[in-house]
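> Next up is a structure, given as structure tokens.
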Amino acid sequence: MVLSNDSNKVVDQLTKLKIPVYLAPAAVTLDDTYKQLSELGTLTGHPAEAGDLVQRMKDDIAKLVKDVPQRSAKLTYYYELDPTLYSVTSKTFIGSLFSLVGLENVADPSDADGKKGGYPQLSPEALIKSDPDLIFLADTKCCQQSAETVKARTGWAAITAVKANQVVALDDDIASRWGPRVVDLVRAIVAAVPA
């Protein structure tokens with residue numbers, strides 16, 4: 001059995017029942033993702049296939065990142081987890097992917113000391129003042145958010161990303177996974193960066 005956490009000490013309970021358990025907590029880095037995929041490949045008797053998958057992912061991400069246009073000043077972005085303005089900082093797995101692409105996170109100052117675990121809730125005023133160049137919505141399915149709903153929020157029509165039509169609707173499933181689909185998320189980030 002593959003688990004992402006040990007809620008209610010379920011690992012001990014399953015082990016007592018002689019059910020093998022692989023604990024794979026949420027990845028913090030891309031290397032965590034690669035390690036977990038490799039370990040799962042070994043545990044399921046497919047180490048070569050897992051190794052090939054990891055190498056393809058590394059190659060795909062490297063190519064995507066290499067093709068991003070270089071800028072003298074970094075573009076800024078806001079990544080929305082939900083309409084109550086929870087976001088991620090650069091210290092999270094998702095935030096690290098945006099850093100790979102060379103984008104600057106407007107949420108970082110909201111959790112500079114790390115006390116919010118990399119998941120701060122921004123105020124509307126702070127977000128409008130930060131004026132991100134790009135907005136990424138990871139709440140399109142769960143919360144039906146879109147460029148139109150963002151533009152309709154009080155004061156948001158003045159944000160650079162909204163004015164420039166740089167509000168990017170992501171697939172919630174791709175935006176929240178740390179497995180092979182992380183390449184799709186990097187691809188979506190890169191595609192959103194204006195040339």
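> Taking the Cα centre of segment 2-66 as origin, work out the dipole magnitude from +1 charges on Lys and Arg Cβ and -1 charges on Asp and Glu Cβ, in debye rounded to 20.
Value, rounded to 20: 60 debye.
> A follow-up question, please. List the residues whose amide H sits under 5 Å from the amide H of Tyr22, counting only those 5 or more places along or on another chain, with H placed 1.01 Å from N in the peptide plane.
When sequence neighbours closer than 5 places are left aside, the close amide H contacts are Val2, Leu3.
> Would you mind telling me the antiparallel percentage of the DSSP bridges in the chain, rounded to 5?
So the antiparallel bridges amount to about 10 percent of the total.
> Mind listing the long-range amide H neighbours of Thr140? Cut-off is under 5 Å, sequence gap 5 or more, other chains count too, H placed in the peptide plane at 1.01 Å from N.
Distant-sequence amide H within range of Thr140: Gln145, Leu170, Asp172.
> Roughly how many Å is it from the Cα centre of segment 58-97 to that of segment 34-48, as a whole number?
If you average the Cα positions of each part, the centres end up 27 Å apart.
> Please give the helix 30-43 orientation as an angle from the longest Cα principal axis of the chain, in degrees from 0 to 90, rounded to the nearest 10.
Compared with the principal axis, the helix lies near 30 degrees.
> Report the relative contact order of the chain, percent, no decimals, based on alpha-carbon pairs under 8 angstrom and at least 6 residues apart.
So the answer I get is 19 percent.
> Please report, for the Cα atoms of segment 56-118, the Rg to one decimal and the Dmax as a whole number; what are they, in angstrom?
Gyration radius and largest Cα-Cα distance of segment 56-118: 13.1, 36 Å.
> Assuming R0 = 25 Å, can you tell me the calculated FRET efficiency for the pair Met1 and Lys116, based on Cβ-Cβ distance, to the nearest 0.05?
Details: r = 31 Å, r/R0 = 1.26.
That pair, Met1 with Lys116, gives E of 0.20.
> Restricting everything to alpha-carbon atoms, can you work out Rg to Rh for segment 2-66 with a Kirkwood hydrodynamic radius?
Over the Cα atoms of segment 2-66, Rg/Rh equals 1.10.
> Sticking with this structure for a sec: Quick check on the exposure proxy: order Leu53, Leu3 from fewest to most C-beta atoms within 10 angstrom.
In order of increasing Cβ crowding within 10 Å: Leu3, Leu53.
> Just to confirm the filter: which chymotrypsin sites (Phe, Trp or Tyr not before Pro) across segment 61-106 are DSSP coil and have at most 13 other Cβ within 10 angstrom of their Cβ?
Filter output for segment 61-106: empty list.
> Scan (1) 59, 38, 32; (2) 45, 38, 31; (3) 67, 33, 30 for the value of Cα extents along the principal axes in Å calculated from this model and give just the label.
Computed from these coordinates, Cα extents along the principal axes in Å corresponds to label (1).
> Let me ask another. Rounded to whole Hz and in sequence order, give me ³J(HN,Hα) for segment 157-166 from the Karplus expression 6.51 cos²θ - 1.76 cosθ + 1.60, θ = phi - 60°, writing x for Gly and Pro.
Per residue, the Karplus-derived 3J(HN,Hα) values read 4, 8, 6, 3, 4, 6, 4, 8, 6, 10 Hz.
> Based only on other Cβ atoms within 10 Å, what is the fewest-to-most ordering of Thr92, Thr76, Thr29?
Starting with the residue having the fewest Cβ neighbours, the order is Thr29, Thr76, Thr92.
> Of Trp156, Trp178, how do they rank once you tally other Cβ atoms within 10 Å and put the fewest first?
Trp156, Trp178
> Taking the chain as the reference, fit the longest principal axis to its C-alpha atoms, fit the long axis of helix 182-192 to the helix C-alpha atoms, and give the angle between the two in degrees, 0 to 90, nearest 10.
Helix 182-192 and the main axis of the chain meet at about 10 degrees.
> Which of the three applies to segment 1-115, rounded, prolate or oblate, going by the alpha-carbon gyration tensor with a ≥ b ≥ c and a/c under 1.5 meaning rounded?
Oblate shape, in that a/c is at least 1.5 and b/c is the bigger or equal ratio.
Bear in mind that the values in this text are calculations on the coordinates, not laboratory data. Since the model is a prediction, treat every value here as computed from it, not as a measurement. Note: ideal-geometry Cβ built from the backbone for every residue, glycine included; neighbour counts use all protein chains shown.
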